[in-house]
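Some notes on the structure that comes next.
The values are calculated or read from the model by the stated rules, or taken from the named source; none is laboratory data. Please read these numbers as outputs of a predicted model, since none were measured by experiment. Virtual Cβ from ideal backbone geometry, glycine too; neighbours counted across all protein chains shown. Side chains are part of the model used for accessible areas, which takes the heavy atoms of the whole protein and leaves out ligands, DNA and RNA. Shrake-Rupley method; radii C 1.70, N 1.55, O 1.52, S 1.80 Å.
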Amino acid sequence: MTPDRAVADAMSPADVTAKAGAENFPVALHFLPRKYRDHLMAVYRYARTVDDVGDLAQPDQRPRLLDDLSADVRRLYEPGGKPVQPAVAGLATVVSQCGVLEQELADLIKANQQDQVVTRYETFEDLLGYCVLSANPVGRIVLHVFGCYTPERALLSDAICSGLQVAEHLQDVAEDMQAGRIYLPAADMHEFGCTEQDLTGSTAPPHLRRLIAFEAERTSELFATGAPLVRTLRGAARAAVAGYLAGGRAAIAAVAAADYDVLAATPRPGKGRTIAELATAFVRGR
């Protein structure tokens, strides 16, 4: 098996657990009922596999491997279809029991296909358009998993998930730049007097920090827009969504605590701050 094929085919359970533990948000809270944790981990394994193909496979192999994943997702929804790749096959129970839509799974692949050809975004609205593919489907899938999907809840979830995606981009400015990608909107960079060269240093200059602070405030507004979703939920669903919201807010707090210098080191939220944010979101529903 080639290294690229290995990237596409599977992660071990230990790999999945390790990567889930490194996320800003709790992928599947330990106190959730087992069926929900299993469903959420299957979704995470799939999403992580798609992202790893888009980021870690040899660049010239990524389009083909992403196409292979797309074909496998289609098989998942065909009568008698048998997906080849374990990360897709592992979604069979989630799809059959929770009504996850094919489009939601396909959009995550489309986001990674877009990453292969689009490396810059002109405006914040353009970046949010990318989040429609890269992040928002995950939140909608989560609503399906808990059996609480409605169009109104989906829109609130979209705001939280877009915020999570933008927060991650703010944390990973240096890493993304090394990969040849910039997710800071070009119009905003121009407004704050930032150049692409500013993103290559070992520390962020003052004007770049001001830009990061500006984008962090926008991200906090996305979380505030989506937060009312928590109040509409009960039990396990409320806890899970509160956890995602808490992880995003803790990530932005970590960026602020680093004085918005995202080049010196990657700002990561501490577990204590995430737990505190989760308690606030769960109890107060905001």
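Quick test of your reading of the structure: Glu175 fulfils all but one of (1) open to solvent by 50 Å² or more (accessible area, probe 1.4 Å); (2) charged (D, E, K, R); (3) closer than 23 Å to Gly272 by Cα. Name the failing condition by number.
(3)
Can you tell me how many residues in region 100-140 are under 29 Å from Gly180 (Cβ atoms) and part of a helix (DSSP H, G or I)? First the steps, then the outcome.
Taking region 100-140 as the starting set, the residues that turn out to be under 29 Å from Gly180 (Cβ atoms) are 103-139.
Among the residues that remain, those that are also part of a helix (DSSP H, G or I) are: 103-115, 124-134, 136-139.
Matching residues across region 100-140 total 28.
Test Thr266 against the criterion of being over 26 Å from Gly129 (Cα atoms) and among the hydroxyl-bearing types (Ser, Thr, Tyr), and give yes or no.
Details: over 26 Å from Gly129 (Cα atoms): no; among the hydroxyl-bearing types (Ser, Thr, Tyr): yes.
For Thr266, the condition - over 26 Å from Gly129 (Cα atoms) and among the hydroxyl-bearing types (Ser, Thr, Tyr) - is not met.
Based on this model, can you work out whether Leu211 counts as touching a Gly at 6+ places or on another chain (Cβ under 6 Å), crowded, with 21+ Cβ neighbours inside 10 Å and in contact (Cβ under 8 Å) with a residue 12 or more places away in the chain? Break it down into steps so the answer makes sense when it comes.
Values: touching a Gly at 6+ places or on another chain (Cβ under 6 Å): no; crowded, with 21+ Cβ neighbours inside 10 Å: yes; in contact (Cβ under 8 Å) with a residue 12 or more places away in the chain: yes.
Considered against the rule, which asks whether it is touching a Gly at 6+ places or on another chain (Cβ under 6 Å), crowded, with 21+ Cβ neighbours inside 10 Å and in contact (Cβ under 8 Å) with a residue 12 or more places away in the chain, Leu211 comes out as no.
Quick check on my filter: what residues within region 57-99 are open to solvent by less than 20 Å² (accessible area, probe 1.4 Å), farther than 13 Å from Tyr46 by Cα and outside any helix (DSSP H, G or I)?
Start the filter on region 57-99 by keeping residues that are open to solvent by less than 20 Å² (accessible area, probe 1.4 Å), which leaves 57, 65-66, 69, 72-73, 85, 87-88, 91, 94.
In the following step, the residues that additionally are farther than 13 Å from Tyr46 by Cα were identified as 57, 65.
Ala57 - this is the single residue of region 57-99 that is open to solvent by less than 20 Å² (accessible area, probe 1.4 Å), farther than 13 Å from Tyr46 by Cα and outside any helix (DSSP H, G or I).
Look through Leu128, Leu184 and report the one residue that is at pLDDT 95 or above, open to solvent by 30 Å² or more (accessible area, probe 1.4 Å) and closer than 21 Å to Arg249 by Cα. Even if it seems obvious, please write down each step before you answer.
Working: Leu184 fails: open to solvent by 30 Å² or more (accessible area, probe 1.4 Å).
The conditions single out Leu128.
If the requirement is being among the polar types (S, T, N, Q), modelled with pLDDT under 95 and within 25 Å of Arg140 (Cβ to Cβ), which of these qualifies: Thr280, Thr232? Explain how you work it out, then say what you get.
On the way: Thr232 fails: modelled with pLDDT under 95.
Every option except Thr280 fails the conditions.
Is it the case, given these coordinates, that Val50 is of a type in the set (Val, Ile, Thr), touching a helix residue (DSSP H, G or I) at 6+ places or on another chain (Cβ under 9 Å), over 23 Å from Ser162 (Cβ atoms) and open to solvent by less than 40 Å² (accessible area, probe 1.4 Å)?
Numbers: of a type in the set (Val, Ile, Thr): yes; touching a helix residue (DSSP H, G or I) at 6+ places or on another chain (Cβ under 9 Å): yes; over 23 Å from Ser162 (Cβ atoms): no; open to solvent by less than 40 Å² (accessible area, probe 1.4 Å): yes.
No; evaluated as a whole, the condition is false for this residue.
Pairs please, first residue from region 157-171 and closer than 16 Å to Glu217 by Cβ and in contact (Cβ under 8 Å) with a residue 12 or more places away in the chain, second anywhere and of a type in the set (Asp, Glu) and open to solvent by less than 10 Å² (accessible area, probe 1.4 Å), Cβ atoms under 8 Å, 6+ apart in sequence or on different chains.
Once the first residue is closer than 16 Å to Glu217 by Cβ and in contact (Cβ under 8 Å) with a residue 12 or more places away in the chain and sits in region 157-171, its partners that are of a type in the set (Asp, Glu) and open to solvent by less than 10 Å² (accessible area, probe 1.4 Å) give Val166/Glu215; Leu170/Glu215.
Could you please tell me which pairs satisfy a Cβ distance under 7 Å, a separation of 6+ or placement on different chains, a first residue in region 30-51 that is farther than 12 Å from Thr93 by Cβ and without any contact (Cβ under 8 Å) to a residue 60 or more places away in the chain, and a second residue that is surrounded by fewer than 18 Cβ atoms within 10 Å (Cβ to Cβ) and of a type in the set (Lys, Arg)?
From residues that are farther than 12 Å from Thr93 by Cβ and without any contact (Cβ under 8 Å) to a residue 60 or more places away in the chain, the pairs are Arg48/Lys19.
Which of the residues spanning region 242-286 are in a helix (DSSP H, G or I), open to solvent by 10 Å² or more (accessible area, probe 1.4 Å) and in contact (Cβ under 8 Å) with a residue 40 or more places away in the chain?
Hits for region 242-286 are Tyr244, Ile252, Ala254, Ala256, Thr274, Leu278, Phe282.
Which one of the conditions (1) in contact (Cβ under 8 Å) with a residue 40 or more places away in the chain; (2) open to solvent by 30 Å² or more (accessible area, probe 1.4 Å) does Phe192 fail to meet, given that it meets all the rest?
(1)
Is it the case, given these coordinates, that Asp198 is crowded, with 17+ Cβ neighbours inside 10 Å, among the acidic types (Asp, Glu) and within 18 Å of the chain's Cα centre (by Cα)? Don't jump to the end; show me each part of the working.
On the way: crowded, with 17+ Cβ neighbours inside 10 Å: yes; among the acidic types (Asp, Glu): yes; within 18 Å of the chain's Cα centre (by Cα): no.
Spelling it out, it is not the case that Asp198 is crowded, with 17+ Cβ neighbours inside 10 Å, among the acidic types (Asp, Glu) and within 18 Å of the chain's Cα centre (by Cα).
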